[in-house]
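Here the structure is laid out as structure tokens; the discussion comes afterwards.
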Amino acid sequence: MALRVVIDPGHGGTDGGASGNGIVEKNMTLDISKAMYDEFKRLGIPVYMTRSTDETLSPSERTRRILNAFGKDSDVIVISNHINAGGGRFSCICD
């Protein structure tokens, strides 16, 4: 089974996410996601990003882009990048 990867840079556009000390989450998640995308491409792994610019995505548009990339087969991995301030806990939505 050949894995395929969808990278979702968190936030974007009007949703800046967390910010402080000159750092804005939407910019950092996009930069991290672009670096991941380049590395997956270099390794020959099929990869797609839900956004490659600073744009606002509604939850339904984000989901549509994820599903349209490679479908919802078990060999598709979705990575949603977020930089949180802390105080939260790890969660996984798995089916």
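Taking the criterion of being open to solvent by 30 Å² or more (accessible area, probe 1.4 Å) and either touching a residue at least 40 places away in the same chain (Cβ under 8 Å) or within 21 Å of Glu61 (Cβ to Cβ) (or both), the residues of segment 25-49 that qualify are Lys26, Asn27, Met28, Ile32, Lys34, Met36, Tyr37, Ile45, Pro46, Tyr48. Which residues, taken from segment 1-38, are of a type outside the set (A, V, I, L, M), under 23 Å from Gly71 (Cβ atoms) and part of a helix (DSSP H, G or I)? Within segment 1-38, Ser33, Tyr37 meet the criteria. Pairs are defined by a Cβ separation below 6 Å, a sequence spacing of at least 6 or placement on different chains, a first member in segment 63-79 that is closer than 15 Å to Gly10 by Cα, and a second member that is modelled with pLDDT under 95 and open to solvent by 40 Å² or more (accessible area, probe 1.4 Å); no pair meets this definition.
Does Asp54 satisfy the criteria of being assigned to a loop (DSSP other than H, G, I, E, B), open to solvent by 70 Å² or more (accessible area, probe 1.4 Å) and either among the charged types (D, E, K, R) or touching a strand residue (DSSP E or B) at 6+ places or on another chain (Cβ under 9 Å) (or both)? Write out each step before concluding.
Details: assigned to a loop (DSSP other than H, G, I, E, B): yes; open to solvent by 70 Å² or more (accessible area, probe 1.4 Å): yes; either among the charged types (D, E, K, R) or touching a strand residue (DSSP E or B) at 6+ places or on another chain (Cβ under 9 Å) (or both): yes.
Here the answer is yes, as Asp54 does meet what is asked.
The values are calculated or read from the model by the stated rules, or taken from the named source; none is laboratory data. Treat the numbers as computed from the prediction; the structure is a model and nothing was measured. Cβ sites come from the backbone with ideal geometry, for glycine too, and all protein chains shown count toward neighbours. In case anyone asks, the SASA skips ligands and DNA or RNA and just uses the protein heavy atoms, side chains included. Shrake-Rupley method; radii C 1.70, N 1.55, O 1.52, S 1.80 Å.
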